[in-house]
Amino acid sequence: MKLVAALLEALKRRGASEIFGIPGDFALPFFRQVEAEGRLPLYTLSNEPALGFAADASARFRSGLGVAAVTYGAGAFNIVHPIAGAYAEKSPVVVISAAPGRAEAESGLLVHHQGPRLDSQARIFREITQAQARLDDPRTAPFEIARVLDCALAGSRPVYLEIPRDVVEMDIAPVPDPEPEPVDEEAVASCAEEVLARLARASRPLLMVGVEVRRYDLEQQVAELARALRLPVVTSFLGRGLLSESKAPLLGTYLGRAGDPGIARLVEESDGLLLLGVVLSDTNFGVAAGRLDLRRVIHAFDGQVRIGYYAYPAVPLRALVAALRARARPLGESRVTVRRRRYPRGLRADDQPLHPNDIAPAINDLFARQGPMPIAADVGDCLFVAMDIEETALVAPGYYAGMGFGVPAGIGAQLATGRRPLVLVGDGAFQMTGMELANCRRLGIDPVVVVFNNASWEMLRAFAPHARFNDLEQMDFRALAQALGGDGYRVRTRRELREALDQAAGRRGRFQLIELLLPRGVMSDTLARFVAAARKTPSLERAA
């Protein structure tokens, strides 16, 4: 079996559904083989950061492997940013990079695209991926492919495969099938029993779900667990959108002092807080102002469970959830008084100028009329506006906070799932990756893209209000949409917003871009609360 055919088959058996790629000279032999094999569709984009974001979104929406293929040096170095973000937010993206052939490496000449050393690229990716392999030995290649791909699935983090361009037609044995992750059943059972005992003793037990619940495709099982325990549920900021299509007792999203005060009290006063798959990051908990007592927290994350001061070191989340479900009994009548959050609806469609607070009600009204859409959000006020949109599947770089995610993530989402996404993006981030919309017609997709145009990096302005370096050029994105093959709308009032959303949702076959003209220095109430909380949290203010 040829190397590329074996690799593609191994990816497919492990749940990959497509490859996002940008060819280059070192990668041409690999791309030719991928196209000839036809085992996985190959979608090409325009720039490597967008490639990484699209593969990341595919992995997040499908709870499986995303795949990004690049050339050596110029391509691989350009994808470092999105792969670092995928590592931080636990998204299993497989990076496949071409490399110079053995003869080129031994020629004594410097190779074009080379960094300081021929292996500098591989050394960099060791810092931002969970496992790595160079596939140049036919005897070890099948086992290396299996090891690296299985590591991506087990750890839910990016991995790196490097293929010299002169070995793509090398014959290798078939790649071994994935093996079940080894689990110490006694340790898992002991851990589950202790977790349930802690929850039973608590007077205010609560479940918070985070990104790993989706990464390991556990939303349905966790919803069943919450119902069996009669345990109220909130999501973390990064976990927003989880359980949106389940019947779990979901109350809303925890945002500390920036969010719903009732949910904040519920989380911070809980004496039995179970965190399933939650990243302990500044954006998740920095706005809690130190009010979360980790001594009373049960934290299942990254293959271990911490209970107060000690840990069970080898308890995968999937095994823990299964053991908890098998033993779950109602904890008693819920003592939670906070009701499920009611999101703003009923936009007054008049001729008043548009404000960021109008956007979520308008989208909620649209969802009520035609059904929800999955959301891909960039960072900035567009992400905080998303916190006021009805619960629906959502992906966003809420922790790593890398700009440019939204548009390519929407492209990746529609290609991976077939569902038409709603993309929320600021004008600054759109200028980084918005040109990828030019690929929509060729790829046969039609996302609805909402651009927050305030001619500003507005979230940065919130922390440096008088700095002129946050100013951007006022661009006409509606006109750009026409040039890129889509339909554009320019919105100044609430009436125009409702009309544009209805028209965009009703038109299929071309991407739809709605440009919202917003004043500088104005932000949503949710972002304003976050900024106020961050200013009282030194680490967050310095990060901003």
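Laboratory data are not the source of any read-out in this text; all were calculated from the coordinates shown. A quick note: this is a predicted structure, and the numbers were derived from the prediction, not measured. Glycine also receives a Cβ, built like all others from the backbone with ideal geometry; neighbour counts cover every protein chain displayed.
Observations
- For the pair residue 271 and residue 228, the difference between a 0.36 nm per residue extended length and the Cα-Cα distance amounts to 13.5 nm.
- R0 of 25 Å, Cβ-Cβ distance residue 499-residue 468: FRET efficiency to nearest 0.05: 0.10
- Paramagnetic reach from residue 314 (point 7 Å along Cα→Cβ, amide N under 15 Å) across region 177-206: 180-191
- Compared with the alpha-carbon gap, the fully stretched path from residue 117 to residue 2 is longer by 38.5 nm at 0.36 nm per residue.
- Cα gyration tensor of region 494-534 - equivalent ellipsoid semi-axes, whole Å, descending: 30, 12, 9
- Amide proton proximity set for residue 272, modelled H, under 5 Å, gap of 5+: 204, 206
- Distance in nm between pseudo-label sites at residue 25 and residue 106 (7 Å out along the Cβ direction from Cα): 2.1
- Cα-based reach from residue 90 at 24 Å (exclusive), listing lysines while leaving out same-chain residues under 8 positions away: 12
- Region 8-64 and region 233-265 have Cα centres lying 34 Å from one another.
- Helical mean residue ellipticity (222 nm; -39500 (n - 2.57) per DSSP H run of 4+; nearest 500) of the chain: -11000 deg cm²/dmol
- Take every pair of alpha-carbon atoms less than 8 Å apart whose residues are at least six positions apart; their mean separation over the length of region 1-88 yields a relative contact order of 36 percent.
- Prolate/oblate/rounded label for the chain (Cα gyration tensor, a/c 1.5): oblate
- On the principal axes of its alpha-carbon atoms, region 383-531 has extents of 43, 30, 28 Å, going from largest to smallest.
- Region 1-68 pair-distance distribution - Cα-Cα, 5 Å bins, rounded %: 4, 18, 27, 26, 19, 6, 1
- In percent, rounded to a whole number, the relative contact order of region 356-543 is 22, using alpha-carbon pairs under 8 Å and six or more apart.
- Coordinate range along principal axes, alpha carbons of region 185-327, Å, largest first: 41, 34, 26
- Tensor-based shape of region 3-164 (alpha-carbon gyration tensor, a/c under 1.5 rounded, otherwise prolate or oblate): rounded
- If you take the Cα centroid of region 339-411 and the Cα centroid of region 494-513, the two points sit 15 Å apart.
- In loop segments of region 93-150 as defined by DSSP, the GluC sites (Glu not before Pro) with at most 10 further C-beta atoms inside 10 Å of their C-beta are 106.
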